[in-house]
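*Asks:* What follows is a single structure, and I will ask about it in a moment.
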Amino acid sequence: MTARTPHPPSLWAAVSPPTPERPPLTGDATADVAIVGAGFTGLSTALALAARGVRPVVLEAAAVGWGGSGRNNGQVIPVLSKAEPDELEARFGETGERLVALIRDSASILFDLVRAEGIEAEAEQTGWVQPAHAPDRVRVSAARVEAWAKRGAPAQMLDREETTALMGSSYWHGAMLNPTGGSINPLRLAQGMAAAAERHGATVHEDTPVSRLERAGDGWRLETPTGRLTARAVLLATNAYTDAHAPGLARRLARTVVPVPSWQMATEPLPDAVAKTVTPGRHAVSDTRGDLHFFRLDARNRLVTGGALVTKVNGTERIRRLATARVARMFPQIGPVGFTHIWNGDIGITWDRMPHVHRLGPGLWTWIGCNGRGVALSVALGPQLAAALLGDREGAAALPVTDVHPIPGHALGRRLATLMLPVYRRRDRRPLPA
Ligand SMILES: Cc1cc2nc3c(=O)[nH]c(=O)nc-3n(C[C@H](O)[C@H](O)[C@H](O)COP(=O)(O)OP(=O)(O)OC[C@H]3O[C@@H](n4cnc5c(N)ncnc54)[C@H](O)[C@@H]3O)c2cc1C
């Protein structure tokens with residue numbers, strides 16, 4: 001047996017206990033449902049299928065949580081990054097309304113799953129905050145609060161004083177607070193979900209890249225280097241990593257997202273007295289900037305933050321400098337800060353900044369394009385995707401199914417995507433029109 005593909009050098013890989021290796025698929029096998037990718041999407045769908053009495057087989061090219069699911073900031077956020085409720089409902093009608101309700105409930109769905117399955121994921125449902133980075137962005141936050149509160153979300157608007165108290169910093173001007181959000185150790189969550197899915201009857205194979213997917217009778221055949229799996233229905237749960245291991249697997253689909261690197265980093269544990277002053281309520285935070293400022297404390301009081309860079313060249317050093325200066329501006333009380341872990345991962349950006357759900361063929365489903373907000377969403381989508389795979393339209397009624405439209409000039413767009421960063425920074429500085 002080969003050694004399991006290692007995780008990137010993330011904080012999460014360093015602090016999460018080792019898990020048993022799952023052997024690759026060998027020989028010929030059959031399953032009712034095959035799932036490609038063992039991130040939150042694949043594992044949540046596997047859990048939901050198992051709850052419906054189906055025994056899915058999950059094929060993961062590397063290791064459980066190797067993609068975005070094990071590398072992210074661990075913020076559990078019950079809103080999308082750009083698509084607002086009005087926009088989703090205008091575009092998708094009643095399906096949009098159901099999707100908005102699912103997004104509204106998504107953080108609680110994740111934390112409920114953690115509690116129900118007894119998953120040790122350092123989960124803290126302490127709330128998620130989006131502070132406004134400029135006085136005129138308070139208007140944006142207030143509009144968001146109103147839109148979500150209208151749909152029953154417990155969203156609240158905080159004034160400047162309340163925001164300062166909540167953040168432990170006077171850097172922001174007001175904030176939207178949603179108490180259902182929070183944070184997790186994402187790799188432990190993925191690993192815990194895999195173990196739970198197995199307990200309920202799913203099988204998970206690691207180091208099993210699917211290189212080919214073709215129609216076979218009224219089902220599908222999936223080929224891997226050491227085996228073949230035949231299944232009636234298939235979920236491609238490969239998201240931003242759709243062409244990372246097998247570029248030929250789903251070429252058109254891969255061209256519908258631009259994978260954009262996001263850098264993540266963690267400090268040494270902050271001394272207790274300092275940690276108590278940095279987001280004293282231990283909220284997860286992502287502000288209103290396009291060049292996002294985001295952070296949360298982990299279970300050991302490390303500040304886990306990060307940012308974006310235009311190129312990866314000398315990225316570790318450049319992100320270290322950028323984040324050091326940023327942390328000093330946001331939380332001067334921390335003093336000189338040392339980063340012990342720096343890593344990155346790809347976020348799948350779609351042309352319209354919406355999550356895309358596709359039926360790629362009979363019984364062949366996928367969703368792609370989290371646009372940076374996929375932790376809660378991908379877990380919440382699992383039961384919907386499970387229903388779709390089983391042909392249960394009612395159970396899948398929140399899925400906004402669209403046709404696949406590859407982005408024109410995708411290869412070039414992919415190379416140039418990070419050049420948008422200076423544009424976002426300019427927009428962040430520019431006042432909003434009155
Ligand atoms: C650096 C970073 C920070 C983020 N921070 C946040 C955050 O704080 N909050 C938030 O809400 N969202 C965040 N996100 C987004 C979130 O992590 C993702 O939306 C979510 O994890 C997607 O889960 P997934 O299961 O759909 O995809 P992934 O977790 O990416 O899983 C896809 C899996 O498919 C596997 N795969 C690909 N091709 C094949 C193949 N041919 N055969 C077999 N397996 C294959 C990959 O190895 C991978 O494990 C972040 C993303 C990144 C990258």
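*Asks:* Being outside any loop (DSSP other than H, G, I, E, B), in contact (Cβ under 8 Å) with a residue 24 or more places away in the chain and open to solvent by less than 40 Å² (accessible area, probe 1.4 Å): is that true of VAL145 here? Please lay out each step first, then the result.
*Replies:* On the way: outside any loop (DSSP other than H, G, I, E, B): yes; in contact (Cβ under 8 Å) with a residue 24 or more places away in the chain: yes; open to solvent by less than 40 Å² (accessible area, probe 1.4 Å): yes.
Spelling it out, VAL145 is indeed outside any loop (DSSP other than H, G, I, E, B), in contact (Cβ under 8 Å) with a residue 24 or more places away in the chain and open to solvent by less than 40 Å² (accessible area, probe 1.4 Å).
*Asks:* A further question follows. Of the residues PRO383, PRO422, PRO406, which is assigned to a loop (DSSP other than H, G, I, E, B) and either in contact with a strand residue (DSSP E or B) (Cβ under 9 Å, 6 or more places away or on another chain) or not aromatic (Phe, Trp, Tyr) (or both)? Walk me through how you get there before you give the answer.
*Replies:* Numbers: PRO383 fails: assigned to a loop (DSSP other than H, G, I, E, B); PRO422 fails: assigned to a loop (DSSP other than H, G, I, E, B).
After applying the criteria, what remains is PRO406.
*Asks:* Tell me, which residue of the range 281-321 that is acidic (Asp, Glu) and within 19 Å of the chain's Cα centre (by Cα) is nearest to ALA266 (Cα to Cα)? I'd like the intermediate steps shown before the answer.
*Replies:* Here is the first cut: in the range 281-321, the ones acidic (Asp, Glu) are 287, 291, 298, 317.
In the following step, the residues that additionally are within 19 Å of the chain's Cα centre (by Cα) were identified as 287, 291, 298.
Numbers: ASP287: 18, ASP291: 19, ASP298: 9 Å.
Going through the qualifying residues, I end up with ASP298.
*Asks:* Can I ask one more? Which of the following residues is open to solvent by less than 10 Å² (accessible area, probe 1.4 Å) and in a helix (DSSP H, G or I): VAL327, VAL357?
*Replies:* Working: VAL357 fails: in a helix (DSSP H, G or I).
Checking each option against the conditions leaves just VAL327.
*Asks:* Kindly list, by first and then second residue, each pair from a residue in the range 21-34 that is of a type outside the set (A, V, I, L, M, F, W, C) to a residue that is modelled with pLDDT of 95 or more and assigned to a loop (DSSP other than H, G, I, E, B), limited to pairs with Cβ atoms under 6 Å and residues at least 6 apart or on different chains.
*Replies:* Filtered contacts from the range 21-34: ARG22/GLU206; PRO24/ASP207; PRO24/THR208; PRO24/THR226; THR26/THR226; ASP32/VAL54.
*Asks:* State whether the residues of the range 309-323 include one that is touching a helix residue (DSSP H, G or I) at 6+ places or on another chain (Cβ under 6 Å) and either part of a loop (DSSP other than H, G, I, E, B) or not acidic (Asp, Glu) (or both).
*Replies:* Taking the range 309-323 and keeping what is touching a helix residue (DSSP H, G or I) at 6+ places or on another chain (Cβ under 6 Å), we get 309-310.
This time we only want the ones that are either part of a loop (DSSP other than H, G, I, E, B) or not acidic (Asp, Glu) (or both), so: 309-310.
Checking the range 309-323: at least one residue is touching a helix residue (DSSP H, G or I) at 6+ places or on another chain (Cβ under 6 Å) and either part of a loop (DSSP other than H, G, I, E, B) or not acidic (Asp, Glu) (or both).
*Asks:* Just checking: which of the helices (runs of 4 or more DSSP H) contained wholly in the range 9-120 hold 3 or more residues that are more than 14 Å from the ligand (Cβ to nearest atom), open to solvent by 30 Å² or more (accessible area, probe 1.4 Å) and out of contact with any Pro (no Cβ under 6 Å at 6 or more places or on another chain)?
*Replies:* Values: elements: 11-15, 40-51, 68-71, 85-117.
Hits in the range 9-120: 85-117.
*Asks:* What's the total number of residues in the range 324-374 that are in contact (Cβ under 8 Å) with a residue 60 or more places away in the chain, of a type in the set (A, V, I, L, M, F, W, C) and within 16 Å of the ligand (Cβ to nearest atom)?
*Replies:* The total comes to 12.
*Asks:* Go through the residues of the range 268-281 one by one and say whether even a single one is more than 23 Å from GLU122 (Cα to Cα) and either in contact with a helix residue (DSSP H, G or I) (Cβ under 7 Å, 6 or more places away or on another chain) or touching a residue at least 60 places away in the same chain (Cβ under 8 Å) (or both). Before you say what the answer is, go through the steps one by one.
*Replies:* Within the range 268-281, the first condition is being more than 23 Å from GLU122 (Cα to Cα), and the residues that meet it are none.
There is no residue in the range 268-281 that is more than 23 Å from GLU122 (Cα to Cα) and either in contact with a helix residue (DSSP H, G or I) (Cβ under 7 Å, 6 or more places away or on another chain) or touching a residue at least 60 places away in the same chain (Cβ under 8 Å) (or both).
*Asks:* Scan the range 151-172 residue by residue and report those that are of a type outside the set (A, V, I, L, M, F, W, C), surrounded by 17 or more Cβ atoms within 10 Å (Cβ to Cβ) and free of Cβ contacts under 8 Å to residues at least 60 places away in the same chain.
*Replies:* THR163, THR164, listed by residue number.
*Asks:* If you scan the range 378-402, which residues turn out to be within 8 Å of the ligand (Cβ to nearest atom) and open to solvent by 10 Å² or more (accessible area, probe 1.4 Å)?
*Replies:* none
The values are calculated or read from the model by the stated rules, or taken from the named source; none is laboratory data. Fair warning: this is a prediction, and the values are worked out from it, not measured in the lab. With ideal geometry, Cβ positions are generated from the backbone for all residues, glycine too; neighbour counts draw on all protein chains shown. Heavy atoms of the whole protein, side chains included, go into the accessibility calculation; ligands, DNA and RNA do not. Shrake-Rupley method; radii C 1.70, N 1.55, O 1.52, S 1.80 Å.
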